[in-house]
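Below: the structure, in structure tokens.
Coordinate-derived values only; no laboratory data. Keep in mind that what you see is a predicted model, and the values were worked out from it rather than measured. Please note: Cβ atoms are built from the backbone with ideal geometry, for glycine as well, and neighbour counts cover all protein chains shown.
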Amino acid sequence: MPAQLERYQEISALSTRMVDAARRGDWDGLIDLERQVAVLRGRLVAEAAPLPDVADGPFEFARVRGLIQQILDDDAEVRRHTEPWMEQIRQLLSGHVSGWRVSAGDAAAQSGGSRTPSR
């Protein structure tokens with residue numbers, strides 16, 4: 001159990017840093033932190049220890065439960081900051097794709113060729 005508790009503590013500390021990075025708009029930092037969390041999450045799964053229950057000790061149970069809740073809260077906060085940014089990127093990309101299709105179609109129509117751009 002102590003190793004499992006330590007993993008959750010490490011993930012929670014990183015998730016708090018992820019919130020800070022998202023608030024600052026530090027997307028590269030956020031990506032780096034997410035990679036670190038993924039490594040720790042992989043270790044947690046590889047260790048394959050069951051989650052503690054009250055029988056393992058009320059302190060460990062409450063601590064792990066609290067850490068998991070904090071990680072989930074942090075994740076929601078990160079998403080609150082990243083989702084608007086991701087929507088802007090989606091719109092930007094869809095505008096470029098639509099523009100590319102129109103431009104390619106216009107060029108094909110002007111040349112009398114097909115509407116599919118050549119590669």
Report the net charge of residues surrounding Ala21, where surrounding means a beta-carbon distance below 12 angstrom and charges are Lys +1, Arg +1, Asp -1, Glu -1. -4
FRET efficiency estimate (nearest 0.05) - Cβ-Cβ, Gln70 to Leu92, R0 35 angstrom: 0.55
